[in-house]
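Undergrad: After the structure tokens below, expect a handful of questions from me.
The values are calculated or read from the model by the stated rules, or taken from the named source; none is laboratory data. All figures in this text were calculated on a predicted structure; none of them were measured in a lab. Note that each Cβ is placed from the backbone with ideal geometry, even for glycine, and that neighbours are counted across all protein chains shown. Areas reflect the complete protein model, heavy atoms only, side chains present, ligands, DNA and RNA absent. Shrake-Rupley method; radii C 1.70, N 1.55, O 1.52, S 1.80 Å.
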Amino acid sequence: MLPADPTVTPLSPPLRLNRVLVLESFGAPAEDTVARFPAASPRVLVLRRGSPDNGLFARVSFPAGSIRPRTGDTATVRVRIVPGLYGVEIGTDGEILPGAELTFSYGQHFVAPAAAQAAYGSDYRFERFLAVGRLQGDSTLVFLDSWRTASDLLTAPLPGPGRYLVAAPATSPTFRSIIW
């Protein structure tokens, strides 16, 4: 038996949005942003909450060449914050290629939804099953391979434009591949 890796969230199957618990956020929200940069250069967009804490909310990383503009050599990326949730909408004037990543920082402003306690038994257990998901047009959340680069940083690949949410299944998974 292989030991469980506590930095990796077990991959959940795609679920309708009404069958997931989305991580809520409180405090001053981060602001929407638009960035233009040379596509051949690496770029990290850092989204910080407003005053007074200015804490990290999310980070969108584009290694050199991980975005291909439709025209020219300059990429434009738009990030809109989803109010009250750990979520962003990402748009671009080009194609996002492998290598781009999205990281959410949720430790300071973590708010488990009310149903999480009943489903998971504790906020800690709920937190261990959180993953980044990409919302599809039919209201299905497709969970992405997600990992923790630190205890409160959740990272996933960024496969393309769309709405991304930090969530867990509304019912506790039956497998026990995470140590608690």
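Undergrad: Where residues in the stretch 94-111 are touching a Ser or Thr at 6+ places or on another chain (Cβ under 9 Å), open to solvent by 20 Å² or more (accessible area, probe 1.4 Å) and of a type outside the set (Phe, Trp, Tyr), which of them is farthest from THR155 (Cα to Cα)? Can you show your working first?
TA: If we filter the stretch 94-111 for residues that are touching a Ser or Thr at 6+ places or on another chain (Cβ under 9 Å), which is where we start, we get 94, 96-104, 106-107, 109-111.
When the remaining residues are screened for being open to solvent by 20 Å² or more (accessible area, probe 1.4 Å), the result is 97-99, 101, 107, 110-111.
Among the residues that remain, those that are also of a type outside the set (Phe, Trp, Tyr) are: 97-99, 101, 107, 111.
On the way: LEU97: 16, PRO98: 14, GLY99: 12, GLU101: 7, GLY107: 13, VAL111: 18 Å.
Restricting to residues being touching a Ser or Thr at 6+ places or on another chain (Cβ under 9 Å), open to solvent by 20 Å² or more (accessible area, probe 1.4 Å) and of a type outside the set (Phe, Trp, Tyr), the top hit is VAL111.
Undergrad: Just the residues that are open to solvent by less than 90 Å² (accessible area, probe 1.4 Å) and either aliphatic (A, V, I, L, M) or within 23 Å of VAL166 (Cα to Cα) (or both), please, taken from the stretch 80-93.
TA: Taking the stretch 80-93 as the starting set, the residues that turn out to be open to solvent by less than 90 Å² (accessible area, probe 1.4 Å) are 80-82, 84-93.
The answer is ARG80, ILE81, VAL82, GLY84, LEU85, TYR86, GLY87, VAL88, GLU89, ILE90, GLY91, THR92.
Undergrad: Determine whether ARG128 is in contact with a Phe, Trp or Tyr (Cβ under 7 Å, 6 or more places away or on another chain) and free of Cβ contacts under 8 Å to residues at least 40 places away in the same chain.
TA: Answer is no for this residue.
Undergrad: Sort through VAL142, VAL132 and tell me the only one that's surrounded by 16 or more Cβ atoms within 10 Å (Cβ to Cβ) and outside any loop (DSSP other than H, G, I, E, B).
TA: Numbers: VAL142 fails: surrounded by 16 or more Cβ atoms within 10 Å (Cβ to Cβ).
Of the residues listed, the single one that is surrounded by 16 or more Cβ atoms within 10 Å (Cβ to Cβ) and outside any loop (DSSP other than H, G, I, E, B) is VAL132.
Undergrad: Can you name every residue in the stretch 51-79 that is within 22 Å of SER25 (Cα to Cα), open to solvent by less than 20 Å² (accessible area, probe 1.4 Å) and not in a strand (DSSP E or B)?
TA: Within the stretch 51-79, just GLY55 meets the criteria.
Undergrad: Would you please name the residue that is modelled with the highest pLDDT, looking only at residues in the stretch 110-139 that are touching a helix residue (DSSP H, G or I) at 6+ places or on another chain (Cβ under 9 Å) and of a type in the set (Ser, Thr, Tyr)?
TA: Taking the candidates together, the pick is SER139.
Undergrad: Return the total of residues in the stretch 20-34 being surrounded by 14 or more Cβ atoms within 10 Å (Cβ to Cβ) and either of a type in the set (D, E, K, R) or outside any loop (DSSP other than H, G, I, E, B) (or both).
TA: Number of matching residues: 7.
Undergrad: Checking the structure you have, find out if any residue of the stretch 166-173 is in a helix (DSSP H, G or I) and touching a helix residue (DSSP H, G or I) at 6+ places or on another chain (Cβ under 9 Å).
TA: No, every residue in the stretch 166-173 fails to be in a helix (DSSP H, G or I) and touching a helix residue (DSSP H, G or I) at 6+ places or on another chain (Cβ under 9 Å).
Undergrad: Does any residue of the stretch 145-160 turn out to be among the acidic types (Asp, Glu), outside any strand (DSSP E or B) and either touching a Gly at 6+ places or on another chain (Cβ under 8 Å) or within 21 Å of SER105 (Cβ to Cβ) (or both)?
TA: yes
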